[in-house]
1. Could you order Y12, Y95, Y37 by accessible surface area, starting with the largest, using a probe radius of 1.4 Å?
2. Before I look further, what does segment 4-86 give for accessible area per residue, probe 1.4 Å, in whole square angstrom?
3. Under 8 Å for C-alpha pairs, at least 6 residues apart: give me the relative contact order for segment 1-88, rounded to a whole percent.
Amino acid sequence: MILGLVWILGCYAAGIAIIHILHWRRKRQAGARMMHYILQTRNNGHQIEWVLRSLHFFSWMRGRAIAVTIADEGSTDDTVAIAERLSQEHHLTIYTHADNSWEQGARQHENEQLVIVRLNQEQELETAYKLI
């Protein structure tokens, strides 16, 4: 009976060790590189919330840190208002057409993997989700 208990505790300890080693290796491989998305928008109020929530959900599911910058090119709909509302939940940086310095902001993130997505083109959206 004691031998069986020792065997169970040994298997349990080995399982814990394997999980910690695999977690450490995965973290080490991923490194501290953050993926930075720049979403170029223009009158994309109907899809901006869905895209932002999806990006954050998929990054959370895969355990990957992301940063999102929204570069608005003069939207006349609620795109900027929706993004500002969502910036209270998620870390977002918003640049409008008048403040055309988003390119300088992108240069500040050279050590991160940078993905630029135009929300008007569906093919780029599919690629963006695959890269998370």
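The values are calculated or read from the model by the stated rules, or taken from the named source; none is laboratory data. This one's a predicted model, so the numbers in the text were calculated from it and none came from an experiment. Side chains included, ligands, DNA and RNA excluded: accessible areas come from the protein's heavy atoms. Shrake-Rupley method; radii C 1.70, N 1.55, O 1.52, S 1.80 Å.
1. Values: Y12 150, Y95 45, Y37 0 Å².
Per-residue accessible area, sorted high to low, gives Y12, Y95, Y37.
2. Numbers: 5410 Å² over 83 residues.
Result: 65 Å² of accessible area for each residue.
3. Values: 66 pairs, mean separation 30.5, N = 88.
About 35 percent, as a whole number.
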